[in-house]
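In what follows, a single structure is set out as structure tokens and then discussed.
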Amino acid sequence: MISVLYVDDDDSFSRVFKLFLEKMGGFSVITERSGVRAAGMIEPGSFDIVVSDYQMPEMTGLDLLRSYKSRGINIPFILFTGKGREEVVIEAINEGATFYLQKGGDPQSLYAELAHKIRQAVQADAAQRALLESEEKFRTLFENAGDAIFIMDGPVIIDCNFRTQQVYRRSRQELIGHTPADFSPEFQPD
């Protein structure tokens, strides 16, 4: 189930959005009419995605995005608005919006496209998080291994772990760019 925070000062639009997405299945939607109140609701892990209108009293959708990004919260964001100005689109992308979708047209098609964009954004975010977690696990294993490990590009060292630096009594910077044959290990009893 994808948890969505939908922020729009138009109450009727919010109700239709919630009804349509929840009827599609796979979505749990919480609506909020105020960007300021929505900003207070967004915490790490609170929602899978935020979908927001642009023009609202007190705070625009982009101000909402900035408010939680500035706190280090990285939740995907879709700007879903009737404002189609090019500068709004450019600003949204520059501020880190995942997608921009303009309101209007056939509601069935519009909500189907929005549901697709929400799924796509949430899947991409999950894949990015999994990649970062995998990289962190690799880095931890690599740095804490008891054996000297070189990462090579052909014959040239492009990285090495801490144990390699101990065995060769050289810094990472001294080893990178050379071949292992350029150095001899200086073993010491542990």
Output for the stretch 128-157, where each listed residue is open to solvent by 60 Å² or more (accessible area, probe 1.4 Å), farther than 28 Å from PRO185 by Cα and not acidic (Asp, Glu): GLN128, ARG129, LEU131, LEU132, SER134
Single unsatisfied condition, GLY82 versus (1) touching a Gly at 6+ places or on another chain (Cβ under 7 Å); (2) open to solvent by 60 Å² or more (accessible area, probe 1.4 Å): (2)
Index of the failed condition, VAL122 passing every other in (1) touching a helix residue (DSSP H, G or I) at 6+ places or on another chain (Cβ under 9 Å); (2) surrounded by 12 or more Cβ atoms within 10 Å (Cβ to Cβ): (1)
Residues (at pLDDT 85 or above and either out of contact with any strand residue (DSSP E or B) (no Cβ under 6 Å at 6 or more places or on another chain) or under 19 Å from PHE20 (Cβ atoms) (or both)) located in the stretch 64-89: ARG66, SER67, TYR68, LYS69, SER70, ARG71, GLY72, ILE73, ASN74, ILE78, LEU79, PHE80
Checklist (1) open to solvent by 10 Å² or more (accessible area, probe 1.4 Å); (2) part of a helix (DSSP H, G or I); (3) in contact with a strand residue (DSSP E or B) (Cβ under 6 Å, 6 or more places away or on another chain); (4) in contact (Cβ under 8 Å) with a residue 12 or more places away in the chain applied to TYR100, failing item: (2)
Candidate set from the stretch 1-35 (those that are touching a residue at least 40 places away in the same chain (Cβ under 8 Å) and part of a strand (DSSP E or B)); member that is farthest from SER67 (Cα to Cα): PHE27
Single match in ALA38, ALA92 (criterion: open to solvent by less than 10 Å² (accessible area, probe 1.4 Å), at pLDDT below 90 and in a helix (DSSP H, G or I)): ALA92
Failed criterion for GLY25 (all others in (1) of a type outside the set (Val, Ile, Thr); (2) modelled with pLDDT of 90 or more; (3) surrounded by fewer than 15 Cβ atoms within 10 Å (Cβ to Cβ) hold): (2)
When residues of the stretch 11-62 are limited to those that are among the charged types (D, E, K, R) and in contact with an Asp or Glu (Cβ under 7 Å, 6 or more places away or on another chain), the one nearest to PRO76 (Cα to Cα): ASP53
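The values are calculated or read from the model by the stated rules, or taken from the named source; none is laboratory data. All of these numbers come straight from a predicted model, not from anything done at the bench. FYI the Cβ positions are ideal-geometry reconstructions off the backbone, even for glycines, and counts take in every protein chain you see. Ligands, DNA and RNA are stripped out before the accessible areas are found, and what is left, the full protein with its side chains, is counted by its heavy atoms. Shrake-Rupley method; radii C 1.70, N 1.55, O 1.52, S 1.80 Å.
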